[in-house]
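Quick note: the coordinates plus some simple rules give every number you see, no bench work behind them. This structure is a prediction, so every number in the text was calculated from the model and none was measured. In this analysis, Cβ positions are derived from the backbone assuming ideal geometry, glycine residues included, and neighbour counts consider all displayed protein chains.
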Amino acid sequence: MTGRLNRIMSRAATGVAAPTVLFVTKHRGRLLFLPRAISHCSHELTAPGGGDDEGGSAALIQALDDCRSPRTLRSLHSRLLHRPRLLSDPAVQIKLMRALASCGDPHGARRVFDSAPCKNAVFFNVMIRSYVDHGLHGHAFRLFADMKSLRHHVRPDNYTFPCVLKACAGSDHLAGGLQLHGAVAKLGLDTDIFVGNTLIALYWRCGPSSDALRVFDEMPNTDVVSWNAMIAGYAQNGQCDRAIELCEKIVALQKPQPDAGTMASILPAMSNANRTGIHLVRKMFDEMGKKDLVSWNAMIATYANNSMSAEAVELFSGMEMAGVEPDAVTLASVLPACGDLSALSLGKRIHEFIERKRMRPNVVLENALMDVYANCGCLKAAREVFDGMTGKDIVSWTTMISAYGMLGHGTKAVTLFEQMRKSGLKPDPVAFISILSVCSRSGLLDEGKYYFKCMTECYHLVPRIEHYACMVDLLGRSGHIDEAYDFILKMPIKRARECGDITWVLAGCIQTWKLG
C-alpha cells in the first residue's frame, strides 16, 4: 500500500492533478498519509484557479471531518485560505470550527464563527459546545445570551439547550439550570431525550437527586445515556444499592443494551460490592454486544478493587485473546492483582509491554511494578524500577521501603526513609506505618521509638490506630512487655474496639516471646 501510494505521489509531482492524490488518500490511505498528500499537492491548491474542481473540494472537506492532528489542521486551514469561495461556504465554516475545537483551539473556532456573515442555530450550537468542551463556561453563557439578543435573534433548539445545561452543571450554576429547565418546558423541549439526559446530569451534579429521578421518570423515552446518568449519579453519591438496582432492571428488561458508559458508571459503586453485585455487573458485561477498552477496564477494575485478583488476571487474559490492546488504566488494575498472586511471569511480561510501548514515565505503573517484584521476592528488579523513575512520589518511596522491610533488609529500609526525608518529600501517615512496621519486623527498637516521636513532633501528624499497633508490636517483639502495656494505657484512643485490637497484638507478642 505504501509503495503504491509513493508511486502515485511521484506522479503527482510531475503533473497529476492534486484532487486525484487527495481522492486516493481519502479512500485508501485515510489520515495515515494525509499530511504527505497535502505537502505534495500544495502547489496545485495555491496556484491561480488550482484545485477548484468538485473532487478536490470534496476531499478537502472530508479531510476536515477526519482531522485530529493540529499540525494537519494547520495545513488544511492554510489551503482553505487560498480558496475563499470554498471557505465562505457555511457548511465548510462549521466543519472548520468543529475541527479547530477538536484539536484544542476553541478561540480559533471563534474567529471562524465571527467571520461568518450569517449565523444560524447550527453555528451557535457548535461554538457553544466548543466552549463547554474546553471548560469555558462563562464564554458559553455569554454566547448563548448573544444568540437570543436582538442583534442575532436566533432561536435555541434541542441541541442548544443540552450544551448550555452542561455548562450549568460544569460550573455548579444550579440557578441558571433551573431557569433553562423552565424555558425548555415552555418550548415543549423537556420531553426531548437529549435535553432530559443533560437535566439528569445537572441535578445529580448540583441539585437534589429527587429532581434527577423525577426527570428520568417523566421522560417519555429513555436511552442508554439516560440510564447511565442515573447509575452514575447514584454510584457517585454513595447510593450504591440504588445503582445496582438500576443495573438489575437493565438485565431484567434486556433494554437498553448496556455499553462502555454503563460499565464506567457503575464502577464507583463496585469498590466494596458484594459478590451478588459483582456477578450482576459481569452478566451485563458478558451480554454487551461490542466490548471496547473502557468496558474491559471497568470490569477488570471491579475485580481488582474487590480483591478478586484471580478473576482480574483471568479477564485480562480474555481481553488479550479478544485482540484488545491494554492501556495504562488496564495495567494499573492488573499489576496489583499480579502482586497479590505473586504472578511473576505475567508481571515481567507486562513490564516488557510497558517498555515496548514507551509508557514510562508513569508513576502509577512504576509503583505497581515495584510492588509486583517485591511480592515475588525480586528486590533487585524492584530497585531497578525505583532507580529508573524520573519522578518519585510518596507512594514510590513507601513501596520501596516496605519491600526492603518485607524481605528482611530493615537497615536499608531505614536508610532509604532518611533519603526520602532529605529529598524534601514529607512523609505521610502511610509512610510512617511502613517504617514502623519495618522496625517492628527487624527488631529496630530505638529507630522505631525515634520515628514515632518524629511523626508527632517533627511532622505534627496525629497517630492512628495502625501506628500504635506497630509500636505495641515492636515493644512486644523486643521483650518489653511492661513498656508495651504502659504504652497502651497511655494511648489517647478510648474506643473499646481499637484498644481491644491492640491488646490482641500484645497478647500475640507475649506468646511469641515466650515461645522464643
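Here the Karplus relation 6.51 cos²θ - 1.76 cosθ + 1.60, evaluated at θ = phi - 60°, turns the backbone of segment 410-423 into coupling constants of x, 5, 5, 5, 5, 4, 5, 4, 5, 4, 4, 5, 5, 6 Hz, with x for every Gly and Pro. As a calculated quantity, the FRET efficiency between Glu483 and Lys426 at R0 = 25 Å, using C-beta atoms, amounts to about 0.30. Among Lys186, Lys166, Lys148, the ranking by other beta carbons within 10 Å of each residue's beta carbon, starting with the fewest, stands as Lys186, Lys148, Lys166. Taking other C-beta atoms within 10 Å as the exposure proxy, Lys283, Lys249 rank Lys249, Lys283 from fewest upward. Taken along the Cα-to-beta-carbon direction at a fixed 7 Å, the label points for Arg464 and Ser317 span 3.5 nm. Using alpha carbon centroids, what distance separates segment 302-373 and segment 268-296, in Å? One Cα centre to the other: 18 Å. Let's test the formula: R0 of 25 Å, r as the Cβ-Cβ distance of Ala58 and Ala121. What FRET efficiency results, to the nearest 0.05? It comes to 0.45. Normalised by residue number, the volume inside the convex hull of the Cα atoms of segment 321-434 is 100 Å³ per residue. Label segment 101-188 by shape, choosing from rounded, prolate and oblate, from the square roots a ≥ b ≥ c of the eigenvalues of the Cα gyration tensor; if a/c is under 1.5 it is rounded, and otherwise prolate applies when a/b is larger than b/c, oblate when it is not. It is oblate, given that a/c is not under 1.5 and a/b is not larger than b/c. Legend: calculated FRET efficiency, Lys255 to Arg142, from the Cβ-Cβ distance at R0 = 41 Å, rounded to 0.05, equals 0.50.
Our coupling estimate for segment 157-168, obtained by passing each phi through the Karplus curve with A = 6.51, B = -1.76, C = 1.60 and θ = phi - 60°, is 10, 6, 9, 5, 4, x, 5, 6, 5, 5, 5, 4 Hz, Gly and Pro reported as x. Three principal axis extents of segment 202-356 based on alpha-carbon atoms, in descending order, are 53, 28, 28 Å.
Given the alpha-carbon gyration tensor of segment 196-248, what are the semi-axes of its equivalent ellipsoid in whole angstrom, ordered largest first, with each equal to the square root of 5 times an eigenvalue?
Values: eigenvalues 47, 36, 15 Å².
For segment 196-248, the semi-axes come out at 15, 13, 9 Å.
Going by C-beta contacts inside 10 Å, put Lys290, Lys357 in order with the fewest on the left.
Working: Lys290 8, Lys357 13.
Sorted ascending by nearby Cβ count, the order is Lys290, Lys357.
Take the Cα of Glu245, step 7 Å toward its Cβ, do the same at Thr415, and the gap between the two points is 5.9 nm. Projected over every direction and averaged, the convex hull enclosing the alpha-carbon atoms of segment 372-411 yields 2.7 nm².
The string of couplings for segment 233-242 from the Karplus curve (6.51, -1.76, 1.60, θ = phi - 60°) is x, 4, 5, 6, 10, x, 9, 5, 4, 5 Hz, one whole number per residue in order, with x for Gly and Pro.
Measuring against 30 Å, Cα to Cα, the residue pairs Lys249/Lys290; Lys348/Lys453; Lys95/Lys148 contain Lys348/Lys453 as the ones spanning a longer distance. For Lys392, the lysines whose Cα falls under 20 Å of its own Cα, not counting residues fewer than eight places away in the same chain, are Lys380, Lys412, Lys422, Lys426.
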